[in-house]
Amino acid sequence: MKPDPLARILLYPQATHFASEPFMSNHAIPARLQLRHITKRYPGCLANDAVDLTIQPGEIHALLGENGAGKSTLMKIIYGVTQPDAGSIIWQGQAQIMRNPAQARSLGIGMVFQHFSLFETLSVAQNIALAMGAAAGTPKQLEPRIREVSQRYGMAVEPQRLVHSLSIGERQKVEIIRCLMQDIHLLILDEPTSVLTPQEAEELFVTLRHLASEGCSILFISHKLGEVRALCHSATVLRNGKVSGHCIPAECSDLELARLMVGDAEGLTAHYEKVSGGAAFLQVDRLSWHNPDPFGCSLKDLSLEVCSGEIVGIAGVAGNGQDELLALLSGEQTLPHA
């Protein structure tokens with residue numbers, strides 16, 4: 001009988017050595033973060049079911065899973081946004097109850113959400129000063145340290161620039177700098193490359209590797225398996241709220257990782273009935289719409305057609321009209337003459 005290539009993954013209790021840029025765990029030092037049997041229930045849903053996870057100092061750890069697998073709930077529990085119904089959180093060898101994000105930050109945990117929380121009409125320095133509180137100093141007083149941190153980690157951002165003038169990639173850098181200014185030991189990133197160009201994503205990876213080399217732990221949430229294999233030392237995979245396995249991503253194929261995420265290979269193959277014809281189900285003809293939001297994106301002379309059996313992709317860097325088009329197509333936003 002041919003051995004299952006996934007056996008080494010499914011039975012692997014927890015990564016202790018890593019493939020991409022070898023990482024040696026020092027067992028004399030407590031784990032940075034341990035989650036033990038974390039359970040969270042919502043009405044009609046068991047979001048996290050006895051989840052175990054361990055992150056070592058200096059480790060880049062991936063959290064993988066389909067939408068609805070429980071990743072977001074677990075992140076919110078670590079960051080104190082919500083509390084578990086059962087289980088324990090061990091932070092650097094000490095049991096903790098994360099009551100709120102302020103407590104998490106005081107321990108040295110920072111998080112960059114998928115949707116940024118910056119005030120667009122304020123400057124970079126003003127946004128960072130608001131997050132750090134009055135005791136940290138005025139925006140003007142913080143500017144030298146902002147420049148120092150941004151240059152140290154290759155994220156050059158001018159402190160006096162207004163946020164609305166920054167690109168999506170630059171805004172993400174501000175979010176990360178804001179965390180680093182608070183002397184964090186664990187940085188949580190939720191789908192960080194979903195809004196970045198390939199070049200911006202590679203620049204982010206350089207920054208994360210630099211942070212990890214200095215001992216900062218990274219919890220990296222992503223659906224992009226190639227990125228996870230290239231960047232992360234180890235991974236925990238969730239499926240239906242449970243841990244389906246731990247693995248070393250660099251030693252796994254996309255298929256092996258996908259099987260951990262969704263189940264057996266049969267579930268990875270979709271079967272569709274053949275569609276004849278090719279009638280247009282949706283037609284958009286020279287669609288123009290002015291966005292009243294000064295920081296939003298307007299549409300001009302946009303045309304597209306979607307036929308039966310066809311998959312049409314809308315490509316582009318985030319912030320170039322995709323959300324506005326979806327709002328118009330779904331009826332969330334209406335045209336003045338409609």
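The values are calculated or read from the model by the stated rules, or taken from the named source; none is laboratory data. Being a predicted model, the structure only gives us computed values, none of them experimental. Heads up, the Cβs are rebuilt from the backbone with ideal geometry, glycines too, and the neighbour counts pull from every protein chain shown.
Quick notes on this one:
- Residue in the stretch 70-82 that is assigned to a loop (DSSP other than H, G, I, E, B), assigned by TED's automatic domain parsing to the domain that holds R259 and more than 16 Å from L187 (Cα to Cα) present: yes
- Looking only at the stretch 150-162, and only at residues there that are polar (S, T, N, Q) and within 26 Å of R209 (Cβ to Cβ), the one that is surrounded by the fewest Cβ atoms within 10 Å (Cβ to Cβ): Q151
- P22 being at pLDDT below 90, exposed (fewer than 14 other Cβ atoms within 10 Å of the Cβ), touching a helix residue (DSSP H, G or I) at 6+ places or on another chain (Cβ under 7 Å) and farther than 20 Å from N240 by Cβ: no
- Each residue in the stretch 190-207 was checked for being among the aliphatic types (A, V, I, L, M) and buried (at least 21 other Cβ atoms within 10 Å of the Cβ), and 1 pass.
- Residues that are assigned to a loop (DSSP other than H, G, I, E, B) and either within 20 Å of F281 (Cα to Cα) or assigned by TED's automatic domain parsing to the domain that holds E200 (or both) were ranked within the stretch 319-332; the one that is modelled with the lowest pLDDT is E332.
- Selection from the stretch 229-252 of residues that are over 19 Å from V51 (Cα atoms), surrounded by 23 or more Cβ atoms within 10 Å (Cβ to Cβ) and out of contact with any Cys (no Cβ under 9 Å at 6 or more places or on another chain): L231, C232, H233, C252
- The number of residues in the stretch 43-102 being closer than 26 Å to A212 by Cβ and small (G, A, S) comes to 11.
- Test: G316 is at pLDDT below 90 and not in a loop (DSSP other than H, G, I, E, B): no
- A count restricted to the stretch 78-101 and to residues that are of a type in the set (S, T, Y) and either out of contact with any helix residue (DSSP H, G or I) (no Cβ under 9 Å at 6 or more places or on another chain) or farther than 17 Å from R41 by Cα (or both) stands at 2.
- In the stretch 96-149, residue surrounded by the fewest Cβ atoms within 10 Å (Cβ to Cβ) [restricted to those that are assigned to a helix (DSSP H, G or I) and at pLDDT below 90]: A135
- Filter pass, T236 being among the polar types (S, T, N, Q), touching a residue at least 60 places away in the same chain (Cβ under 8 Å) and out of contact with any Lys or Arg (no Cβ under 6 Å at 6 or more places or on another chain): yes
- Screening the stretch 185-298 for helices (runs of 4 or more DSSP H) wholly inside it with 2 or more residues that are at pLDDT 90 or above returns the ranges 198-213, 225-231.
- Residue count for the stretch 50-95, restricted to those that are more than 17 Å from S234 (Cα to Cα), β-branched (V, I, T) and either crowded, with 22+ Cβ neighbours inside 10 Å or in contact (Cβ under 8 Å) with a residue 24 or more places away in the chain (or both): 6
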